[in-house]
Amino acid sequence: MVDLESEVPPLPPRYRFRDLLLGDQGWQNDDRVQVEFYMNENTFKERLKLFFIKNQRSSLRIRLFNFSLKLLSCLLYIIRVLLENPSQGNEWSHIFWVNRSLPLWGLQVSVALISLFETILLGYLSYKGNIWEQILRIPFILEIINAVPFIISIFWPSLRNLFVPVFLNCWLAKHALENMINDLHRAIQRTQSAMFNQVLILISTLLCLIFTCICGIQHLERIGKKLNLFDSLYFCIVTFSTVGFGDVTPETWSSKLFVVAMICVALVVLPIQFEQLAYLWMERQKSGGNYSRHRAQTEKHVVLCVSSLKIDLLMDFLNEFYAHPRLQDYYVVILCPTEMDVQVRRVLQIPMWSQRVIYLQGSALKDQDLLRAKMDDAEACFILSSRCEVDRTSSDHQTILRAWAVKDFAPNCPLYVQILKPENKFHIKFADHVVCEEEFKYAMLALNCICPATSTLITLLVHTSRGQEGQQSPEQWQKIYGRCSGNEVYHIVLEESTFFAEYEGKSFTYASFHAHKKFGVCLIGVRREDNKNILLNPGPRYIMNATDICFYINITKEENSAFKNQDQQKKSNVPRSFYHGPSRLPVHSIIASMGTVAIDLQDTSCRSTSGPTLSLPTEGSKEIRRPSIAPVLEVADTSSIQTCDLLSDQSEDETTADEETSSNLEYAKGYPPYSPYIGSSPTFCHLLHEKVPFCCLRLDKSCQHNYYEDAKAYGFKNKLIIVAAETAGNGLYNFIVPLRAYYRPKKELNPIVLLLDNPLDDLLRCGVTFAANMVVVDKESTMSAEEDYMADAKTIVNVQTLFRLFSSLSIITELTHPANMRFMQFRAKDCYSLALSKLEKKEREKGSNLAFMFRLPFAAGRVFSISMLDTLLYQSFVKDYMISITRLLLGLDTTPGSGFLCSMKITEEDLWIRTYARLYQKLCSSTGDVPIGIYRTESQKLTTSESQISISVEEWEDTKDSKDQSHHRSNHRNSTSSDQSDHPLLRRKSMQWARRLSRKGPKHSGKTAEKITQQRLNLYRRSERQELAELVKNRMKHLGLSTVGYDEMNDHQSTLSYILINPSPDTRLELNDVVYLIRPDPLAYLPNSEPSRKNSICNAMGQDSREETQL
């Protein structure tokens, strides 16, 4: 076979990589001839076209030279006019002939020759087959008029003084300027704004009109008043400005006709130019223009990147961002791809925002738009996701691309990114601060089941408030609740602090207790100078250092505080407690001393850390004047601190031996073996020894392993937690983990039921009648409603249905828009709800960022909006630790040595402590817990509205005599229905119809008629609440379920709940108060020499992971 490769010649050197590296050495020894093809670029015409037209830089030089020639010709005309002596007489020859010196004539001829040659050459190069198109162009005609007479005068000397309207070259100069600007943009590869070009054209057109009018009037008046150039300029300005003094006027008919022509031209040309300029101005207003480089270098600004800007999102950002004093001089540049909304435009026209906010229409994926926003000079970039998208994953993908684009364009710009799905978080790990919406949402929903109203607690902590909400309200709970809502988290270095400097070298719990006792501040965490991890309540064994950064909760930061000692307060009659009297100084500028709490200190026994109540004083203490509490030691005594052995569950001593054995066989502690998404934080929690088969996870269907088909059949010892969600997403991992955390005793673990659809039958099967909490997750399928606020419609109606059917059920839900929280547990004619609505409007008018806080469902922790946590991302610009602290509180992150959030309930046995300060001391001295707030529930006698009254059937027998007979009838019953009307039309008509039938019908026997009448009366006497209860019971009986657990009349309408964050030390404790605690990490106290405790951890854990959990 012939070798085909040997017959194929190699590629020429210009196409071979080897020859590109070696050069042309191999080509020199080759006998072949190189042939190059130029595609007609080698002709003389094409080379000229390449130089004069196609090449950007050479074309720009030609345009600049042509522009200079035109300006020179106009300058020579002015010189000729100034050098000419005005001649006497009014002969028409003065218009056609002028006095022109020989040197001046020579210069004008030279300029005319060059200009005409260039015009003919460019016309030849741009010729495309139609010669008349080239000849009849206005620039070519003007060039012929201005250049040909001078060229003719070379060969005909008598025509050297012929008048030539050289001043018309100003229009050719304008044309050359426009072409020159275009070539300049092409040469520097940069597109200037259309506004700049249009303004330049308008100015040049106006100058050309004025210059033409000046020169024309001056020349035509040579046979009239002999006007000079200055008088002509004066006349043109007065005429074009429509002033018209009349002191200078044209005399000859020719000059008058010229003025009329120029005015007509101005009336046609200038409006067209102004119209184009106005249109470009309006378009620029829509797109936003540019943020100048000079401003970016001299002023500080941040960039907000969003896919669509809504008024609520904008106002939340601006109010929270500018709430900090040091950010008042910052500018906010908004970069959004959509056109500005009408409401947003109206808000940005307010002077307070128009001087601070700049709206740019553009995309973060375009470097040109990022350059307009001066992203490389920005102090920070906030990238927010659109939570109203149909596909939230697609919204996250857009956010990821924006973050990548900003990081590529401005690597040094700090990034603050909001992401929706947790599985997409690892794509933006490079960002400085990231808030994942579903992580926080599910974690708060879970903690609401353990610690009531955790979502409200976190929301109030991350919002900036002055603590003045509700101070004008007549109700005491609204005053104290609004005042305590002003508490936020601040930080300060220990040695620079007045609050904590004196506690250097002392234990953390000692510093926390005494700082609260003396100043009313709550020390919750620290961070070493050489460590990035924040430790919440590291416990009594932690010794404070001078360089530690202290994190504390207070109404304002220490730098904005004024201090008065106790003696000064007594002299000036300033109230000792901030919370029990108005202060004479502004809230944001003073922290009054809280005074001292008289407490007798002596040793008492301490309680178990997992116990629900505080330990009572000993029997011998009854003889003392009052119960006492052990002092908080400056340095922790190891023997006096009872370590919490949660790994072996020794604290659960009330369980029997059999129960403990079975529990230990069922559960183990360790890290989850699988992670649902990349980036999830490993959490030490309760695990099963063996994986449950997938078929056993279906609660409503039996399998070969069990035959249960409803929750009641399983016989759960603890109440259920039901999660009603649309899909089982990865975010549920953050719901389950806090409920299975290692520090929760096994006896308190609640079974979790995931309900992907919630018809009535499924609700009953999953055990809704004996559930502890019902968690309703916002439906993602409704978030893309045509009207933004309708995104929560499905969730609100579903929750209202559950509330009506199961009034005793504790329902916790999450909404998209905070404004929709007023529809939760809606009562149409409830006077108390109407009063709260008016209070909310008043607080909003005062500029409060927390106007919705007084709504009862939000205050009680029954509902929250994840959009409230947008402020967490905004606050991170000033407080870079807020995201870390929030994640630690919610259990999303676990740091060795850092405490966790939990709660305890005040029972009758704990009321001997009396005050919050004594409780603080009791907890710090015994278990090392740090309280941060109180969840209080009060019985409220709500005003009975007309909608809550049901009318019995006897009152309908005779409407005319109803007033007289009302004293002899049964009393009205309070109904649990929230929207039942006084006179329901349908029920009234049905009763009248039934009475007519009973009167017109045949006579029954006495016994039968009495029975029917009794049944009818019983039916009519039933309230709507009883009808709903009967419906649920009948459905349960049909499904074979027991109705014992269905409590039909228990309701939460007679109570209200609210949160007191960091209350004053002398706040009285009340029965059923729930105290929020930050409990020290139990693993931090484990001795390292106990191998048996390590063996109790899940067998799946390695030796390394076990050692990491111990300090």
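Bear in mind these aren't lab numbers, they're just calculated from the coordinates by the rules spelled out. If you're wondering where the values come from, they're calculated on a predicted model, not measured in any experiment. Every residue, glycine as well, gets a Cβ built from its backbone with ideal geometry; the counts of neighbours run over all protein chains shown.
Among residues other than Leu699 with Cβ under 12 Å from its Cβ, the summed charge is 0 (Lys and Arg +1, Asp and Glu -1). Summarising the amide proton neighbourhood of Val333: residues at separation of 5 or more, or on other chains, whose placed amide H is nearer than 5 Å comprise Val302, Val303, Leu304, Ile358.
Taken one residue at a time, the phi angles of segment 918-933 give Karplus couplings (6.51, -1.76, 1.60, θ = phi - 60°) of 5, 5, 4, 5, 4, 5, 5, 7, 9, 10, x, 6, 10, x, 10, x Hz. Gly and Pro are set to x. As a calculated quantity, the FRET efficiency between Ile78 and Thr242 at R0 = 25 Å, using C-beta atoms, amounts to about 0.40.
Scattering from segment 669-739 was approximated by placing one identical point on each alpha carbon and applying the Debye formula without solvent; log10 I(q)/I(0) at 0.22 1/Å stands at -1.30.
Each Cα pair under 8 Å and six or more residues apart adds its separation to the average, and for segment 486-557 the resulting relative contact order is 47 percent.
The distance between label points at Thr298 and Ile678 comes to 4.6 nm (points 7 Å beyond Cα on the Cα→Cβ vector). Take every Cα pair under 8 Å whose residues are at least 6 apart in sequence, average their separation, divide by the length of segment 791-875, and the relative contact order is 36 percent. Where does the charge balance sit around Ser308 when Lys and Arg score +1, Asp and Glu -1, over other residues with C-beta under 11 Å from its C-beta? Around Ser308, the charge tally is -2. Taking every Cα-Cα distance in segment 810-946 and sorting them into 10 Å bins starting at zero, the pair-distance distribution P(r) comes out as 9, 27, 32, 26, 7, 0 percent. Would you mind pulling out the separation of the Cα centroids of segment 390-422 and segment 889-906, in Å? Cα centroid of segment 390-422 versus Cα centroid of segment 889-906: 30 Å apart. Counting charges near Phe150 (Lys, Arg +1; Asp, Glu -1) among other residues having Cβ under 14 Å from its Cβ returns a value of +2. Mean separation of Cα pairs under 8 Å and 6 or more residues apart, divided by the residue count, gives segment 448-529 a relative contact order of 18 percent.
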